[in-house]
Ligand SMILES: Cc1ncc(COP(=O)(O)O)c(C=O)c1O
């Protein structure tokens with residue numbers, strides 16, 4: 001059959017509150033044009049993030065009822081540990097309440113101000129956690145990954161030659177670990193090939209540098225390997241996942257993505273000394289080492305989510321639905337990051353709005369317009385997110401994108417058809433869209449709480 005259907009039936013529904021354009025114009029003005037500040041009830045289709053927004057399955061809700069809330073040694077922790085170990089068997093597993101808590105603990109323990117951390121592309125919380133230790137985060141994605149129009153099967157790949165040069169320049173003693181983000185969220189949700197993971201590992205091995213994977217979307221990455229990397233077409237996804245992690249010394253994870261859960265994360269590693277220090281830090285900041293800031297029921301839901309996320313019918317539908325939106329808006333002429341990412345479609349706002357310079361945040365302007373037009377909430381991934389340097393200077397990000405992140409198992413194809421219609425309408429009126437400025441901003445992660453206004457207001 002050509003039609004790939006949602007491989008689930010809907011048992012429980014939540015209403016969407018319909019709004020008019022006038023109402024939305026007022027809501028976004030009241031929110032200082034920051035989509036994070038909107039009330040979610042004022043949003044029709046919420047594509048702000050795929051993080052923590054998954055619909056849970058009946059099996060997950062069942063597991064929640066069975067969650068055991070013992071402070072220490074809960075069976076829910078062991079159920080969680082078994083599910084993680086099946087996919088990514090590191091020696092030490094440290095649950096955390098979400099991904100950034102894992103990053104914070106890791107970098108507090110391993111990084112200091114003379115250090116440099118390479119990654120294909122740091123996600124903003126990863127970068128902020130590196131920088132909060134005074135260390136420097138550097139992105140070394142392949143050149144193809146910085147060109148939104150170029151079609152390449154693995155645009156998330158690490159530039160291996162650049163990594164070699166980077167190690168030569170900064171010295172092994174100043175690089176406590178190397179990271180690889182799969183899929184590469186800030187670079188368009190693009191996957192990393194198995195060959196590239198292997199090559200990154202070889203470089204790290206040659207210099208004795210540990211390799212950590214930012215594993216948030218590991219299952220989507222594995223599916224792309226199955227679809228696109230010669231030699232893996234008949235390999236079960238679970239085997240691909242196990243091979244990916246066999247090349248790493250540890251990982252950080254947000255279970256809010258490919259854990260199919262609404263909260264949770266973990267840090268895992270093989271280095272015992274680091275693990276001991278990380279656990280001590282965990283107890284100080286998150287909680288005891290068998291719950292790490294989560295309830296037992298959360299751990300149980302993640303355990304089931306990890307079984308479901310590697311089901312091939314699910315992954316086939318998941319990647320096909322992202323591709324569906326990308327294909328239709330691209331056919332309407334809207335410039336998007338090609339090819340479609342795993343969890344999101346990234347509109348190239350810099351190309352769509354060439355009259356708005358990067359320092360006037362074309363991505364933010366476009367995201368605001370999508371909300372006004374159809375109540376769609378996307379997320380700027382560009383200069384508003386990445387443009388502010390630690391020294392307070394501002395420069396254009398590599399790209400100005402608007403990410404439409406698709407929550408897992410939440411929306412139907414009719415919702416996606418509506419998204420295509422709204423994006424196309426905004427595209428047709430693109431010349432009317434104006435640039436923006438910050439009217440108030442915090443020193444770090446400014447996109448969350450900053451306030452915007454129109455440039456000529
Ligand atoms: C690649 C990547 N790393 C880390 C994180 C941080 O995870 P969390 O939001 O659970 O703190 C995210 C969240 O979006 C992400 O996409």
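Read-outs: derived from the displayed coordinates by stated rules, not from any lab. Small disclaimer: the values here were computed from a predicted structure and weren't measured. Heads up, the Cβs are rebuilt from the backbone with ideal geometry, glycines too, and the neighbour counts pull from every protein chain shown.
Computed values, structure above
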| item | result |
| --- | --- |
| Prolate/oblate/rounded label for the stretch 328-457 (Cα gyration tensor, a/c 1.5) | prolate |
| Distance in nm between pseudo-label sites at residue 228 and residue 276 (7 Å out along the Cβ direction from Cα) | 4.3 |
| Segment residue 238-residue 37, length gained on full extension (0.36 nm per residue, minus Cα span) | 68.5 nm |
| Two-site FRET efficiency, residue 26 against residue 412, from Cβ-Cβ distance with R₀ of 25 Å, rounded to 0.05 | 0.30 |
| Added length on full extension, which subtracts the Cα-Cα distance from 0.36 nm per residue, residue 17 to residue 313 | 103.5 nm |
| C-alpha center-to-center spacing [the stretch 1-74, the stretch 331-378] in angstrom | 22 |
| Contact order relative to length of the chain, as percent, for alpha carbon pairs under 8 angstrom and 6 or more apart | 23 |
| FRET E, pair residue 454, residue 149, Förster distance 22 Å, beta-carbon r, rounded to 0.05 | 0.15 |
| Mean Cα-pair separation over length for the stretch 102-155, i.e. relative contact order, pairs under 8 Å, 6 or more apart, % | 35 |
| Cα shape, the stretch 175-334, gyration tensor, a/c 1.5 rule | oblate |
| Ranking of 350, 279 by count of other Cβ atoms within 10 Å, fewest first | 279, 350 |
| Which of 122, 355 has the fewest Cβ neighbours within 10 Å, and the rest in rising order | 355, 122 |
| FRET efficiency, residue 394 to residue 424 (Cβ-Cβ, R0 30 Å, nearest 0.05) | 0.40 |
| Space enclosed by the convex hull of the alpha-carbon atoms of the stretch 306-388, per residue, Å³ | 121 |
| Computed lengthening from residue 441 to residue 1, 0.36 nm per intervening residue step minus Cα-Cα distance | 153.3 nm |
| Relative contact order of the stretch 111-245, pairs being alpha-carbon contacts under 8 Å that are 6 or more residues apart, as % | 23 |
| Considering only the chain, percent of DSSP beta bridges that pair antiparallel, nearest 5 | 65 |
| Counting all C-alpha pairs of the chain, share separated by more than 29 Å (%) | 46 |
| Mean residue ellipticity (222 nm) of the chain, computed from DSSP H runs ≥ 4 via -39,500 (n - 2.57), nearest 500 | -12500 deg cm²/dmol |
| Cα gyration tensor shape of the stretch 1-71, rounded if a/c is under 1.5, else prolate or oblate by comparing a/b with b/c | oblate |
| Exposure proxy ranking, count of Cβ atoms within 10 Å, fewest first, for 313, 214, 124 | 313, 124, 214 |
| Paramagnetic reach from residue 132 (point 7 Å along Cα→Cβ, amide N under 17 Å) across the stretch 264-292 | 264-267, 278-287 |
| Ratio of the Cα radius of gyration of the stretch 1-152 to 2.2 N^0.38 Å, where N counts its residues | 1.43 |
